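K.L.:
Handing you a structure now.
The values are calculated or read from the model by the stated rules, or taken from the named source; none is laboratory data. Predicted model only: the values in this text are computed from it and were never measured. Heads up, the Cβs are rebuilt from the backbone with ideal geometry, glycines too, and the neighbour counts pull from every protein chain shown.
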Amino acid sequence: MNQAIRPGPEIAQQSTGELQLSVVVPTFNERDNVTALFRKLETALAGIAWEVIFVDDNSPDATWQVVRDLARKDGRVRCIRRIGRRGLSGACIEGILASSAPCAAVMDADLQHDETQLAKMLALIEQGAAELVVGSRYVEGGNADSFDRARAGASAFATEIAKRVLGVRIADPMSGFFMIRRDRFEQLAPQLSTQGFKILLDLVATAHGELKTVEVPYSFGARLHGESKLDSMVALDFLGLVLAKFTHDAVSLRFLLFAMVGGSGLVVHLATLFAALNLFDLPFPEAQAAGALVAMTTNFVLNNFLTYRDQRLKGFSIVWGLLSFYLVCSVGLLANVGVAFSVYDQEPIWWLAGAAGALMGVVWNYAMSGLFVWRKR
């Protein structure tokens, strides 16, 4: 005898109509917050057909496991666990592209964004009043009183830079709380950066004013559990995004950082050469070799920590990466010398030939390092 299986309350809710909203929540070490956020969404989105997609960067605290436990009990919860990929912007892009609803919202898992505004934001898009709705701390009725003085100052400075350099016209381009029509997002997605933290700024700058945008005020709350993901490198992510958008992606911050590290390597090389000759009394060939080896090693360490921090090598991979970097830089040195000699033969201007050789060496080292040393795994 067949027994009818009645859907649970969550499945029944979804079956009453087509999905209206996907809420995308990037997570990293947020296991203490995800269940509380889900319960808040249940209350705030009553009467709306919705889903929530947690995109977790393989959290050491197993946030993804908590999400999966939720998903087994409620079909509105989905989990994307990313291995070998990090970054809030990339997580948001993957989550929105994996969503099913015609509208997608992005919010943090730390309970600082006001989920009660989601229904209002959705209504604005469904009524055609907006294609992008931004939860804003800086329009009338909103506030960021939970910020300390340093963070408030940094946020204000970054907002001003975005407005002046990129011509962004919204009050809070640094907000991490927004909703967008998914079809409009998909049009812009190929031009967005997967690095950094400020996907809204990237969206607005990429759209060049062609997104119908409305800002709704909200109060930015205080974090209850866990730690902020903002670190000292976020400023570099922000500057890199501004630089890329200002130059229409002609200039890469990663390349500039690689070149700067290379410049510091020249200083290290000369300092080591001086010490080897004067303190250790080594013959010049051995001293020069020591200088090159030390410079390449320090360049590798700095690039691993700074330039490629999102793809940072760890464990045994560091040894293999260092050996690969030595090989890449050795070939780069040959390319440097070859181009310099070629230019000098055509136009015997020493500084022009030297600069051409150095540029060729940097371009070679950068390209090959991305392919063989810090390649995406």
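K.L.:
Could you check, for the range 130-139, whether at least one of its residues is in the same structural domain as LEU239 (by TED's automatic domain parsing), in a loop (DSSP other than H, G, I, E, B) and free of Cβ contacts under 8 Å to residues at least 40 places away in the same chain?
P.N.:
Scanning the range 130-139 turns up at least one residue that is in the same structural domain as LEU239 (by TED's automatic domain parsing), in a loop (DSSP other than H, G, I, E, B) and free of Cβ contacts under 8 Å to residues at least 40 places away in the same chain.
K.L.:
Name every residue in the range 289-311 that is over 17 Å from TRP364 (Cβ atoms) and either of a type in the set (Ser, Thr, Tyr) or without any contact (Cβ under 8 Å) to a residue 60 or more places away in the chain (or both), in order of residue number.
P.N.:
Those that are over 17 Å from TRP364 (Cβ atoms) and either of a type in the set (Ser, Thr, Tyr) or without any contact (Cβ under 8 Å) to a residue 60 or more places away in the chain (or both): ALA289, ALA290, GLY291, LEU293, VAL294, THR297, THR298, VAL301, LEU302, PHE305.
K.L.:
For the range 271-292, what are the residues that are surrounded by 13 or more Cβ atoms within 10 Å (Cβ to Cβ) and either out of contact with any helix residue (DSSP H, G or I) (no Cβ under 9 Å at 6 or more places or on another chain) or in a helix (DSSP H, G or I) (or both)?
P.N.:
Residues satisfying the conditions are ALA271, THR272, LEU273, ALA275, ALA276, LEU277, ALA287, GLN288, ALA289, ALA290, GLY291, ALA292.
K.L.:
I would also like to ask the following. Name every residue in the range 2-40 that is closer than 19 Å to ARG181 by Cα and at pLDDT 90 or above, in order of residue number.
P.N.:
Scanning the range 2-40 gives GLU18, LEU19, GLN20, LEU21, SER22, VAL23, VAL24, VAL25, PRO26.
K.L.:
Further, regarding this structure: What number of residues within the range 39-55 satisfy the criterion of being assigned to a loop (DSSP other than H, G, I, E, B) and surrounded by 16 or more Cβ atoms within 10 Å (Cβ to Cβ)?
P.N.:
So the count comes out to 3.
K.L.:
Something else about it: Checking the structure you have, find out if any residue of the range 329-336 is at pLDDT below 90, surrounded by fewer than 19 Cβ atoms within 10 Å (Cβ to Cβ) and either β-branched (Val, Ile, Thr) or farther than 21 Å from TRP364 by Cα (or both).
P.N.:
no
K.L.:
Exactly one of (1) closer than 19 Å to GLN112 by Cβ; (2) at pLDDT below 90 is unmet by VAL134. Its number?
P.N.:
(2)
K.L.:
Continuing with the same structure: It is to be established whether one or more residues within the range 345-360 are within 23 Å of VAL301 (Cβ to Cβ), out of contact with any strand residue (DSSP E or B) (no Cβ under 7 Å at 6 or more places or on another chain) and outside any loop (DSSP other than H, G, I, E, B).
P.N.:
yes
K.L.:
Quick test for you: out of LEU359, LEU306, LEU371, pick the one residue that is surrounded by fewer than 19 Cβ atoms within 10 Å (Cβ to Cβ) and over 30 Å from ARG82 (Cβ atoms).
P.N.:
LEU359
K.L.:
Which of (1) of a type in the set (A, V, I, L, M); (2) within 30 Å of THR194 (Cβ to Cβ); (3) free of Cβ contacts under 8 Å to residues at least 24 places away in the same chain is the odd one out, the single condition VAL328 does not satisfy?
P.N.:
Tallying (1) of a type in the set (A, V, I, L, M); (2) within 30 Å of THR194 (Cβ to Cβ); (3) free of Cβ contacts under 8 Å to residues at least 24 places away in the same chain, VAL328 fails exactly one: (3).
K.L.:
Take ALA119 and decide whether it is out of contact with any strand residue (DSSP E or B) (no Cβ under 8 Å at 6 or more places or on another chain) and at pLDDT 95 or above.
P.N.:
Spelling it out, ALA119 is indeed out of contact with any strand residue (DSSP E or B) (no Cβ under 8 Å at 6 or more places or on another chain) and at pLDDT 95 or above.
K.L.:
Still on this structure, I have one more. Please specify each residue of the range 13-28 satisfying the condition of being over 23 Å from LEU97 (Cα atoms) and in a loop (DSSP other than H, G, I, E, B).
P.N.:
THR16
K.L.:
Inside the range 186-200, can you point out the residues that are modelled with pLDDT of 90 or more and buried (at least 22 other Cβ atoms within 10 Å of the Cβ)?
P.N.:
LEU200
K.L.:
For the range 209-241, give me each residue that is modelled with pLDDT of 70 or more, assigned to a loop (DSSP other than H, G, I, E, B) and under 21 Å from ARG137 (Cα atoms).
P.N.:
Those that are modelled with pLDDT of 70 or more, assigned to a loop (DSSP other than H, G, I, E, B) and under 21 Å from ARG137 (Cα atoms): GLY209, LEU211, LYS212, TYR218, PHE220, GLY221.
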